[in-house]
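Below: one structure, written as structure tokens.
The values are calculated or read from the model by the stated rules, or taken from the named source; none is laboratory data. Predicted, not measured: the structure shown is a model, and the values here were computed from it. Glycine also receives a Cβ, built like all others from the backbone with ideal geometry; neighbour counts cover every protein chain displayed. Just the protein is used for accessible areas: all its heavy atoms, side chains included, with ligands, DNA and RNA removed. Shrake-Rupley method; radii C 1.70, N 1.55, O 1.52, S 1.80 Å.
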Amino acid sequence: TRQCSYLISTCENRLSICNKISYAIGGAPYQITGCALGFFLQIYLLDVAQLDPFYASIILFVGRAWDAVTDPTIGFLVSRSPWTRFGRMLPWILLSTPLAVLSYFLIWYVPPFEDGKVIWYLFFYCLFQTLQTCFHVPYSALTMFISSEQKERDSATAYRMTVEVLGTLLGTAIQGQIVGMANAPCLPGPGDMVADVAYMISSGVICLIYVLCAVVLFFGVREQKEPMSFFQGIKLIMGHGPYAKLVMVFLFTSLAFMLLEGNFALFCSSTLGFRNDFQNILLAIMLSATLAIPFWQWFLTRFGKKTAVYTGTLSVVPFMILVVCLKSNLFVTYIVSFAAGVGVAAAFLLPWSMLPDVVDDFQVQNPESTGHEALFYSFYVFFTKFASGVSLGISTLSLDFAGYISRGCSQPEEVDLTLKLLVSAAPIALIIVGLCILYSYPIDEERRQGNRKLLQEQRDDEDNSETDSTELGNTV
């Protein structure tokens with residue numbers, strides 16, 4: 001009987017290829033916009049909007065800090081929102097999209113006044129981050145609601161990882177290639193307007209893709225109804241040891257790669273002198289990361305997720321060292337960047353594949369506590385964005401102290417040294433700390449498979465109880 005109920009449950013929860021692709025496409029907007037903002041917003045504020053580095057650092061830090069604060073708030077609101085015929089997560093995704101794309105577009109618009117520029121960028125940056133949180137937190141939690149089968153969720157996550165890396169590639173390609181054709185000149189002149197328009201065109205294209213992805217996700221995925229409660233949810237989640245350790249690992253490794261991402265474009269254009277080629281170098285990294293996804297998917301199934309995170313993250317370190325130690329050479333930079341992209345894919349995406357395992361582990365240890373999936377994902381995203389805010393604020397303030405010159409044809413030696421530290425030494429140190437914490441992460445492949453069996457047995461027992469209750473009711 002138990003074997004029959006297992007087979008029936010598996011068939012009911014099996015996802016079609018179309019479902020998996022639709023679910024995966026929903027991850028693209030966050031990666032496309034995040035990549036464009038991460039790589040280009042700093043240089044846009046400094047060289048196109050021509051803000052003082054101090055004010056640029058305030059915008060970047062406050063915007064990300066606000067974004068981080070909204071994640072647990074939205075996670076709470078999502079978990080408390082009523083069930084609709086479209087589900088609980090999907091309405092949040094659809095309704096937040098129109099205003100999100102509008103606010104994103106206005107981030108890349110240079111207003112025709114000087115005095116209120118800082119307020120303009122800070123307001124629309126914070127507004128976009130809030131609205132994107134209303135999209136991304138429910139989307140992340142949706143992983144646990146598309147199927148109750150761990151195998152199906154892992155398969156859907158693999159599709160998602162592939163599309164998300166494609167999203168970073170697409171974001172880099174759209175923003176980099178359009179903007180690269182109209183780089184802001186190092187001296188003010190007639191090229192200013194061309195750069196302004198280029199950023200607006202690229203943001204318009206990204207907004208259109210954002211809307212299309214949201215529509216595909218909404219109509220291509222069916223959300224399964226699960227009971228939700230919030231009683232002592234935060235305390236239970238943050239008190240779960242494996243989750244706390246995974247969050248700390250992700251915090252340090254994310255901070256490392258956010259530092260690299262936020263400063264690499266400026267490093268290529270200012271320190272290496274590749275002002276007209278930096279967008280192509282970024283594209284090489286993202287292309288390599290995209291091509292590496294099938295390899296990492298095979299690697300984690302063959303050797304385990306924990307080993308994959310170690311291997312993938314550490315593989316970036318030699319290239320971080322090489323890029324600052326070798327003399328400026330465009331061909332060598334392309335080779336190093338392409339090779340580094342293989343590790344970047346693993347470092348950014350593999351920790352996300354471990355989160356469903358932590359949720360399953362929590363459910364095994366707390367079988368009576370259900371409905372906290374949105375909180376798990378919202379706090380995970382919170383620490384990611386917190387890391388991003390800290391990295392952008394620190395790096396831009398560091399450049400201000402080093403004497404960065406907006407649109408300067410050359411920069412002081414102190415700026416070059418600062419950029420080298422921000423893309424190499426500091427990220428490496430943070431990676432080492434994160435991986436040291438990962439050593440104590442307790443969920444290995446044996447425990448993961450054991451949790452899977454225990455959860456299936458729990459579901460089978462619930463199904464049998466419901467069947468017995470129904471039969472008893474019919475008899476009476």
3J(HN,Hα) from dihedral phi, the range 132-142, Karplus parametrisation 6.51/-1.76/1.60, rounded to Hz, x for glycine, proline: 5, 4, 5, 8, 7, 5, x, 5, 5, 5, 4
Relative packing of 446-452, 198-204, which averages over residues the other C-beta atoms within 10 Å, highest first: 198-204, 446-452
Gap separating the Cα centres of the range 312-346 and the range 41-97, nearest whole Å: 31 Å
Fraction of accessible area attributable to carbon and sulfur, the range 16-222 (%, probe 1.4 Å): 76 percent
Per residue, in Å², the accessible surface of the range 104-172 once ligands and nucleic acids are set aside, probe 1.4 Å: 30 Å²
Whole-Hz ³J(HN,Hα) from phi, Karplus 6.51 cos²θ - 1.76 cosθ + 1.60, for the range 395-404, glycine and proline x: 5, 5, 5, 4, 5, 5, 5, 6, x, 4
Cα→Cβ-extended label distance, 7 Å offset, between residue 440 and residue 77, nm: 3.6 nm
Packing-based order for 277-290, 418-431, using average beta carbon neighbours within 10 Å, highest first: 277-290, 418-431
Relative contact order of the range 18-125, pairs being alpha-carbon contacts under 8 Å that are 6 or more residues apart, as %: 27 percent
Förster radius 22 Å - calculated FRET efficiency between residue 321 and residue 413 (Cβ-Cβ, nearest 0.05): 0.65
Probe 1.4 Å, all protein chains present, accessible-area order of 21, 74, largest first: 21, 74
Dipole-positive endmost among 32, 46, 98 within the range 27-137 (Cβ charges, Cα centre): 98
Total formal charge among the other residues, if their Cβ is under 15 angstrom from that of residue 168, Lys/Arg +1 and Asp/Glu -1: -1
Cβ-based net charge around residue 441, under 9 Å, with every Lys or Arg adding one and every Asp or Glu removing one: +1
Cα→Cβ-extended label distance, 7 Å offset, between residue 85 and residue 429, nm: 5.8 nm
Entries of 305/420; 20/306; 20/245; 245/306; 151/305; 151/245 with Cα pairs more than 22 Å apart: 305/420; 20/306; 20/245; 151/245
